[in-house]
1. Checking I81 against (1) modelled with pLDDT under 85; (2) surrounded by 10 or more Cβ atoms within 10 Å (Cβ to Cβ); (3) out of contact with any strand residue (DSSP E or B) (no Cβ under 9 Å at 6 or more places or on another chain), only one condition comes out false. Which one?
2. Among (1) in contact with a Lys or Arg (Cβ under 9 Å, 6 or more places away or on another chain); (2) exposed (fewer than 12 other Cβ atoms within 10 Å of the Cβ), where does L6 come up short?
3. Please find, within segment 49-76, the residue that is surrounded by the fewest Cβ atoms within 10 Å (Cβ to Cβ) out of those that are among the hydrophobic types (A, V, I, L, M, F, W, C) and modelled with pLDDT of 90 or more.
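The values are calculated or read from the model by the stated rules, or taken from the named source; none is laboratory data. All of these numbers come straight from a predicted model, not from anything done at the bench. So basically every Cβ, Gly included, is an ideal-geometry build from the backbone, and we count neighbours across all protein chains shown.
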Amino acid sequence: VTNFGLVSNNNVRKLQSQSKFSIASSENIYSFFTLECISNHNKILFDINLKKQISAFKEKFIPVNFDKGDYKKIKKKLKNIR
């Protein structure tokens with residue numbers, strides 16, 4: 001049962017398993033959400049400024065420069081995600 005826009009953890013896992021990528025928060029690159037996404041075979045888009053924080057699962061992370069707003073490059077990266 002969902003209330004007030006909340007999504008059950010089962011629904012989150014189902015959505016993650018159907019997705020190819022997720023976007024990591026800059027507050028905590030290894031949040032529970034990000035780790036769940038990795039376990040559900042998602043690639044993780046993250047702010048390129050946080051690159052030094054990536055120490056595990058490096059092959060799962062894709063750096064993106066959100067500051068420049070170059071959405072054509074981001075779109076190209078997303079098309080190459082398998």
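1. Of everything listed in (1) modelled with pLDDT under 85; (2) surrounded by 10 or more Cβ atoms within 10 Å (Cβ to Cβ); (3) out of contact with any strand residue (DSSP E or B) (no Cβ under 9 Å at 6 or more places or on another chain), I81 misses just condition (3).
2. The number of the failed condition is (1).
3. First, the residues of segment 49-76 that are among the hydrophobic types (A, V, I, L, M, F, W, C): 50, 54, 56-57, 61-62, 64, 66, 74.
Going one step further and asking which of them are modelled with pLDDT of 90 or more, we end up with 50, 54, 56-57, 61-62.
On the way: L50: 14, I54: 16, A56: 10, F57: 13, F61: 20, I62: 18.
Checked segment 49-76; the qualifying residue surrounded by the fewest Cβ atoms within 10 Å (Cβ to Cβ) is A56.
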